[in-house]
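Below: one structure, written as C-alpha coordinates.
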Amino acid sequence: MAAPEKPKAAILLIDDEQIVHDSVRRILEGEGYEVDGAFRVSEALDKLKKRSYDLVLTDLMMPDQSGMKAVEAVACDHPHCGVVMFTGFATVESAVESMKLGALDYLPKPFTPEELIEVTEKALAKTYKARRDREIEETYAQAEKAIASSLDLKEVLGLISLSVVRLLKVKGCCLYTYSKKQGRLELAASKGLSDTYLAKGTLDPMTSPPEALKADGPILIDESEFDAKLQYPQEARQEGIAAMMSVPLRVQDAVVGLLRIYIAEKRSFDKDEMDILLKFADHGAQAIENAIAYDKLRGDIEQLKKDVPKAFKRENG
(Lines give C-alpha, C1' and ligand atoms only; values in the text may rest on other atoms or scores of the structure.)
Protein backbone atom coordinates (compact mmCIF):
# COMPACT_ATOMS: atom_id res chain seq x y z
CA MET A 1 0.00 0.00 0.00
CA ALA A 2 1.42 3.39 -1.01
CA ALA A 3 2.31 5.80 1.78
CA PRO A 4 -0.08 8.75 2.15
CA GLU A 5 1.08 11.95 0.48
CA LYS A 6 2.61 14.57 2.72
CA PRO A 7 0.27 17.59 3.12
CA LYS A 8 1.37 20.56 1.01
CA ALA A 9 1.97 22.92 3.89
CA ALA A 10 2.01 26.68 3.37
CA ILE A 11 5.13 28.24 4.91
CA LEU A 12 5.89 31.93 5.41
CA LEU A 13 9.58 32.86 5.56
CA ILE A 14 10.52 36.15 7.26
CA ASP A 15 14.13 37.20 6.57
CA ASP A 16 15.85 40.31 5.19
CA GLU A 17 18.48 38.43 3.14
CA GLN A 18 17.72 37.46 -0.46
CA ILE A 19 20.18 34.56 -0.31
CA VAL A 20 18.24 33.05 2.62
CA HIS A 21 14.97 33.35 0.70
CA ASP A 22 16.49 31.71 -2.34
CA SER A 23 18.05 28.79 -0.46
CA VAL A 24 15.10 28.12 1.88
CA ARG A 25 12.62 28.29 -1.01
CA ARG A 26 14.73 25.90 -3.12
CA ILE A 27 15.12 23.39 -0.27
CA LEU A 28 11.53 23.39 0.99
CA GLU A 29 9.82 23.60 -2.39
CA GLY A 30 11.94 20.59 -3.33
CA GLU A 31 10.24 18.80 -0.44
CA GLY A 32 6.78 19.69 -1.76
CA TYR A 33 6.03 22.67 0.48
CA GLU A 34 4.58 26.02 -0.65
CA VAL A 35 6.88 28.86 0.42
CA ASP A 36 5.91 32.55 0.59
CA GLY A 37 8.32 35.28 1.66
CA ALA A 38 8.50 38.59 3.52
CA PHE A 39 11.55 40.83 3.94
CA ARG A 40 10.11 42.82 6.84
CA VAL A 41 8.15 41.80 9.93
CA SER A 42 5.47 44.39 9.09
CA GLU A 43 5.10 42.85 5.62
CA ALA A 44 4.77 39.39 7.19
CA LEU A 45 2.09 40.58 9.62
CA ASP A 46 0.07 41.97 6.69
CA LYS A 47 0.36 38.63 4.87
CA LEU A 48 -0.75 36.74 7.96
CA LYS A 49 -3.94 38.83 8.02
CA LYS A 50 -4.76 37.97 4.40
CA ARG A 51 -4.24 34.19 4.32
CA SER A 52 -3.54 31.17 6.48
CA TYR A 53 -0.14 29.55 6.85
CA ASP A 54 0.82 26.30 8.53
CA LEU A 55 4.28 27.44 9.62
CA VAL A 56 6.26 30.67 9.96
CA LEU A 57 10.06 30.62 9.74
CA THR A 58 11.40 33.93 11.03
CA ASP A 59 14.81 35.44 11.62
CA LEU A 60 15.38 37.00 15.04
CA MET A 61 17.35 40.03 13.83
CA MET A 62 15.19 42.02 11.39
CA PRO A 63 15.70 45.66 10.26
CA ASP A 64 12.26 47.00 11.18
CA GLN A 65 11.17 44.91 14.18
CA SER A 66 12.47 41.92 16.11
CA GLY A 67 11.43 38.49 14.88
CA MET A 68 10.01 38.06 18.39
CA LYS A 69 7.17 40.33 17.26
CA ALA A 70 6.21 37.78 14.63
CA VAL A 71 6.33 34.99 17.21
CA GLU A 72 4.04 36.97 19.52
CA ALA A 73 1.62 37.83 16.71
CA VAL A 74 1.32 34.21 15.57
CA ALA A 75 0.82 32.96 19.13
CA CYS A 76 -1.85 35.58 19.82
CA ASP A 77 -3.75 35.90 16.53
CA HIS A 78 -2.95 32.72 14.55
CA PRO A 79 -2.88 29.79 17.03
CA HIS A 80 -3.39 27.30 14.19
CA CYS A 81 0.08 28.23 12.84
CA GLY A 82 3.49 27.15 14.15
CA VAL A 83 6.71 29.20 14.37
CA VAL A 84 10.41 28.36 14.08
CA MET A 85 13.02 30.99 14.97
CA PHE A 86 16.19 31.52 12.88
CA THR A 87 19.14 33.52 14.17
CA GLY A 88 22.80 34.06 13.56
CA PHE A 89 23.18 34.78 17.26
CA ALA A 90 22.80 31.30 18.72
CA THR A 91 22.46 32.09 22.39
CA VAL A 92 20.56 30.11 24.98
CA GLU A 93 18.80 33.29 26.10
CA SER A 94 17.26 34.07 22.71
CA ALA A 95 16.27 30.44 22.20
CA VAL A 96 14.53 30.26 25.57
CA GLU A 97 12.80 33.59 25.02
CA SER A 98 11.43 32.58 21.61
CA MET A 99 10.16 29.28 23.01
CA LYS A 100 8.45 31.10 25.90
CA LEU A 101 6.65 33.31 23.40
CA GLY A 102 5.38 30.32 21.45
CA ALA A 103 8.09 29.21 19.00
CA LEU A 104 8.10 25.46 18.41
CA ASP A 105 11.80 25.20 17.66
CA TYR A 106 15.01 27.13 17.17
CA LEU A 107 17.55 26.87 14.35
CA PRO A 108 20.86 28.80 14.40
CA LYS A 109 22.36 30.10 11.16
CA PRO A 110 24.06 28.82 9.14
CA PHE A 111 22.08 25.59 8.80
CA THR A 112 22.30 22.69 6.39
CA PRO A 113 19.44 21.62 4.10
CA GLU A 114 19.01 18.50 6.23
CA GLU A 115 18.73 20.56 9.42
CA LEU A 116 16.15 22.87 7.83
CA ILE A 117 14.06 19.95 6.55
CA GLU A 118 14.20 18.14 9.89
CA VAL A 119 13.18 21.21 11.93
CA THR A 120 10.40 22.04 9.45
CA GLU A 121 8.98 18.53 9.53
CA LYS A 122 9.06 18.37 13.33
CA ALA A 123 7.44 21.80 13.69
CA LEU A 124 4.69 20.93 11.21
CA ALA A 125 4.02 17.65 13.02
CA LYS A 126 3.59 19.57 16.29
CA THR A 127 1.37 22.13 14.55
CA TYR A 128 -0.88 19.50 12.98
CA LYS A 129 -1.15 17.63 16.29
CA ALA A 130 -2.09 20.79 18.20
CA ARG A 131 -4.65 21.63 15.53
CA ARG A 132 -6.06 18.10 15.65
CA ASP A 133 -6.20 18.16 19.47
CA ARG A 134 -8.22 21.40 19.36
CA GLU A 135 -10.57 19.92 16.76
CA ILE A 136 -11.10 16.80 18.87
CA GLU A 137 -11.68 18.84 22.03
CA GLU A 138 -14.19 21.19 20.38
CA THR A 139 -16.07 18.46 18.49
CA TYR A 140 -16.22 16.22 21.53
CA ALA A 141 -17.56 19.06 23.69
CA GLN A 142 -20.29 19.74 21.11
CA ALA A 143 -21.17 16.05 20.84
CA GLU A 144 -21.23 15.61 24.61
CA LYS A 145 -23.58 18.59 24.96
CA ALA A 146 -25.92 17.20 22.27
CA ILE A 147 -25.88 13.72 23.83
CA ALA A 148 -26.64 15.10 27.30
CA SER A 149 -29.63 17.04 25.97
CA SER A 150 -31.44 13.98 24.57
CA LEU A 151 -33.22 11.12 26.33
CA ASP A 152 -34.05 9.26 23.12
CA LEU A 153 -31.83 6.15 22.86
CA LYS A 154 -31.84 6.01 19.06
CA GLU A 155 -30.95 9.70 18.80
CA VAL A 156 -28.16 9.44 21.36
CA LEU A 157 -26.58 6.38 19.73
CA GLY A 158 -26.90 8.05 16.33
CA LEU A 159 -25.03 11.10 17.64
CA ILE A 160 -22.33 8.87 19.06
CA SER A 161 -21.80 6.96 15.79
CA LEU A 162 -21.66 10.23 13.81
CA SER A 163 -19.20 11.81 16.28
CA VAL A 164 -16.90 8.77 16.28
CA VAL A 165 -16.66 8.79 12.48
CA ARG A 166 -15.94 12.53 12.39
CA LEU A 167 -13.40 12.58 15.20
CA LEU A 168 -11.48 9.41 14.40
CA LYS A 169 -11.67 9.83 10.61
CA VAL A 170 -12.82 6.25 10.10
CA LYS A 171 -15.02 4.73 7.40
CA GLY A 172 -17.95 3.90 9.64
CA CYS A 173 -19.32 3.13 13.08
CA CYS A 174 -22.10 0.90 14.40
CA LEU A 175 -23.65 0.64 17.83
CA TYR A 176 -25.40 -2.54 18.86
CA THR A 177 -27.53 -3.34 21.88
CA TYR A 178 -27.03 -6.76 23.42
CA SER A 179 -29.72 -8.95 24.90
CA LYS A 180 -28.21 -11.69 27.05
CA LYS A 181 -31.61 -13.33 27.44
CA GLN A 182 -32.11 -13.55 23.68
CA GLY A 183 -28.40 -13.99 22.99
CA ARG A 184 -28.17 -11.54 20.12
CA LEU A 185 -26.83 -8.19 19.02
CA GLU A 186 -29.27 -5.73 17.47
CA LEU A 187 -28.15 -2.77 15.34
CA ALA A 188 -29.22 0.45 17.05
CA ALA A 189 -27.33 3.11 15.05
CA SER A 190 -24.80 3.37 12.24
CA LYS A 191 -22.87 5.89 10.18
CA GLY A 192 -20.82 5.54 6.99
CA LEU A 193 -21.78 2.01 5.92
CA SER A 194 -23.90 0.94 2.94
CA ASP A 195 -27.43 -0.42 3.31
CA THR A 196 -26.24 -3.59 1.60
CA TYR A 197 -23.59 -4.21 4.23
CA LEU A 198 -25.90 -3.38 7.11
CA ALA A 199 -28.49 -5.86 5.74
CA LYS A 200 -25.99 -8.73 5.50
CA GLY A 201 -27.59 -10.63 8.38
CA THR A 202 -27.94 -10.91 12.14
CA LEU A 203 -24.72 -10.83 14.14
CA ASP A 204 -24.03 -13.81 16.38
CA PRO A 205 -22.32 -12.31 19.44
CA MET A 206 -20.46 -15.53 20.07
CA THR A 207 -18.73 -15.62 16.68
CA SER A 208 -18.28 -12.09 15.35
CA PRO A 209 -15.60 -12.06 16.71
CA PRO A 210 -15.91 -14.44 19.66
CA GLU A 211 -13.91 -12.32 22.11
CA ALA A 212 -15.61 -8.97 21.37
CA LEU A 213 -18.10 -9.08 24.25
CA LYS A 214 -15.72 -10.74 26.69
CA ALA A 215 -12.79 -8.35 26.32
CA ASP A 216 -11.88 -5.73 28.91
CA GLY A 217 -11.10 -3.21 26.17
CA PRO A 218 -10.98 -2.64 22.41
CA ILE A 219 -10.37 -5.62 20.10
CA LEU A 220 -8.80 -4.94 16.69
CA ILE A 221 -9.31 -7.38 13.81
CA ASP A 222 -7.47 -6.73 10.56
CA GLU A 223 -8.26 -8.13 7.13
CA SER A 224 -5.92 -11.11 7.48
CA GLU A 225 -8.07 -12.36 10.39
CA PHE A 226 -11.49 -11.86 8.78
CA ASP A 227 -11.95 -15.45 7.61
CA ALA A 228 -11.11 -16.89 11.01
CA LYS A 229 -12.94 -14.40 13.21
CA LEU A 230 -15.84 -12.80 11.33
CA GLN A 231 -19.29 -14.08 10.40
CA TYR A 232 -19.31 -12.15 7.14
CA PRO A 233 -15.69 -11.80 5.95
CA GLN A 234 -16.46 -11.52 2.25
CA GLU A 235 -19.09 -8.84 2.81
CA ALA A 236 -16.57 -6.85 4.87
CA ARG A 237 -14.03 -6.97 2.04
CA GLN A 238 -16.65 -5.96 -0.52
CA GLU A 239 -17.54 -2.99 1.68
CA GLY A 240 -13.91 -1.84 1.52
CA ILE A 241 -13.14 -2.56 5.16
CA ALA A 242 -9.48 -3.20 5.99
CA ALA A 243 -9.91 -3.56 9.77
CA MET A 244 -12.49 -3.17 12.50
CA MET A 245 -12.29 -2.44 16.20
CA SER A 246 -14.91 -3.52 18.73
CA VAL A 247 -15.48 -2.08 22.19
CA PRO A 248 -17.90 -3.80 24.59
CA LEU A 249 -20.36 -1.45 26.28
CA ARG A 250 -20.48 -2.28 29.97
CA VAL A 251 -22.61 -1.19 32.88
CA GLN A 252 -20.72 -2.38 35.93
CA ASP A 253 -19.93 -6.00 34.99
CA ALA A 254 -22.78 -6.51 32.54
CA VAL A 255 -22.34 -6.11 28.77
CA VAL A 256 -25.24 -4.08 27.34
CA GLY A 257 -23.97 -3.45 23.83
CA LEU A 258 -21.10 -3.12 21.39
CA LEU A 259 -19.47 -0.17 19.63
CA ARG A 260 -17.64 -1.08 16.44
CA ILE A 261 -15.61 1.13 14.12
CA TYR A 262 -14.75 0.22 10.53
CA ILE A 263 -11.42 1.28 9.04
CA ALA A 264 -10.82 1.63 5.29
CA GLU A 265 -7.02 1.65 5.47
CA LYS A 266 -4.66 0.19 8.04
CA ARG A 267 -3.70 2.84 10.57
CA SER A 268 -2.85 3.28 14.21
CA PHE A 269 -4.74 5.26 16.84
CA ASP A 270 -2.91 7.43 19.34
CA LYS A 271 -3.75 7.63 23.04
CA ASP A 272 -5.98 10.68 22.64
CA GLU A 273 -8.03 8.95 19.95
CA MET A 274 -8.38 5.80 22.04
CA ASP A 275 -9.48 7.89 25.01
CA ILE A 276 -12.15 9.53 22.85
CA LEU A 277 -13.35 6.12 21.62
CA LEU A 278 -13.63 4.81 25.18
CA LYS A 279 -15.47 7.95 26.32
CA PHE A 280 -18.06 7.49 23.59
CA ALA A 281 -18.35 3.82 24.55
CA ASP A 282 -19.13 4.96 28.11
CA HIS A 283 -21.75 7.37 26.76
CA GLY A 284 -23.30 4.54 24.75
CA ALA A 285 -23.41 2.20 27.73
CA GLN A 286 -24.97 4.93 29.89
CA ALA A 287 -27.60 5.68 27.23
CA ILE A 288 -28.56 2.01 27.01
CA GLU A 289 -28.69 1.70 30.80
CA ASN A 290 -30.95 4.77 30.96
CA ALA A 291 -33.24 3.29 28.32
CA ILE A 292 -33.47 0.00 30.20
CA ALA A 293 -34.26 1.83 33.45
CA TYR A 294 -36.87 3.96 31.67
CA ASP A 295 -38.55 0.89 30.13
CA LYS A 296 -38.64 -0.80 33.53
CA LEU A 297 -40.11 2.30 35.16
CA ARG A 298 -42.72 2.59 32.43
CA GLY A 299 -43.60 -1.08 32.89
CA ASP A 300 -43.94 -0.59 36.66
CA ILE A 301 -46.22 2.39 36.10
CA GLU A 302 -48.43 0.46 33.67
CA GLN A 303 -48.67 -2.42 36.14
CA LEU A 304 -49.51 0.02 38.92
CA LYS A 305 -52.33 1.46 36.82
CA LYS A 306 -53.77 -2.03 36.51
CA ASP A 307 -53.31 -2.98 40.18
CA VAL A 308 -54.71 0.19 41.79
CA PRO A 309 -58.30 -0.17 40.42
CA LYS A 310 -58.35 -3.84 41.49
CA ALA A 311 -57.26 -2.93 45.02
CA PHE A 312 -59.82 -0.12 45.15
CA LYS A 313 -62.56 -2.54 44.09
CA ARG A 314 -61.65 -5.03 46.80
CA GLU A 315 -61.70 -2.36 49.48
CA ASN A 316 -65.11 -1.07 48.45
CA GLY A 317 -66.62 -4.28 47.26
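The values are calculated or read from the model by the stated rules, or taken from the named source; none is laboratory data. Nothing here was measured: the structure is a model prediction, and the numbers come from that model. Because the Cβ atoms are built from the backbone with ideal geometry, glycine has one as well, and the counts that use them run over all protein chains shown.
Restricting the search to region 54-77, which residues are out of contact with any strand residue (DSSP E or B) (no Cβ under 8 Å at 6 or more places or on another chain) and not in a helix (DSSP H, G or I)? Scanning region 54-77 gives P63, D64, Q65, S66.
I'd like to check something: does region 144-157 contain any residue that is at pLDDT below 80 and surrounded by 19 or more Cβ atoms within 10 Å (Cβ to Cβ)? Yes, some residue in region 144-157 is at pLDDT below 80 and surrounded by 19 or more Cβ atoms within 10 Å (Cβ to Cβ). For region 219-271, give me each residue that is surrounded by 15 or more Cβ atoms within 10 Å (Cβ to Cβ) and charged (D, E, K, R). Residues satisfying the conditions are E223, K229, E235, E239, R250, R260. When I241 is tested against the conditions (1) among the hydrophobic types (A, V, I, L, M, F, W, C); (2) at pLDDT 90 or above; (3) under 23 Å from K181 (Cα atoms), the lone failure is (3). Picking from residues in region 171-196 that are touching a residue at least 40 places away in the same chain (Cβ under 8 Å) and of a type in the set (K, R), the one that is surrounded by the fewest Cβ atoms within 10 Å (Cβ to Cβ) is K180. Within region 140-163, being outside any helix (DSSP H, G or I) and either in contact (Cβ under 8 Å) with a residue 24 or more places away in the chain or of a type in the set (A, V, I, L, M) (or both) holds for one residue alone: L151. Note on region 21-53: among residues that are assigned to a loop (DSSP other than H, G, I, E, B) and out of contact with any Lys or Arg (no Cβ under 9 Å at 6 or more places or on another chain), the one that is nearest to R132 (Cα to Cα) is S52. In the set (1) surrounded by fewer than 19 Cβ atoms within 10 Å (Cβ to Cβ); (2) in a loop (DSSP other than H, G, I, E, B), the condition left unmet by L213 is number (1).
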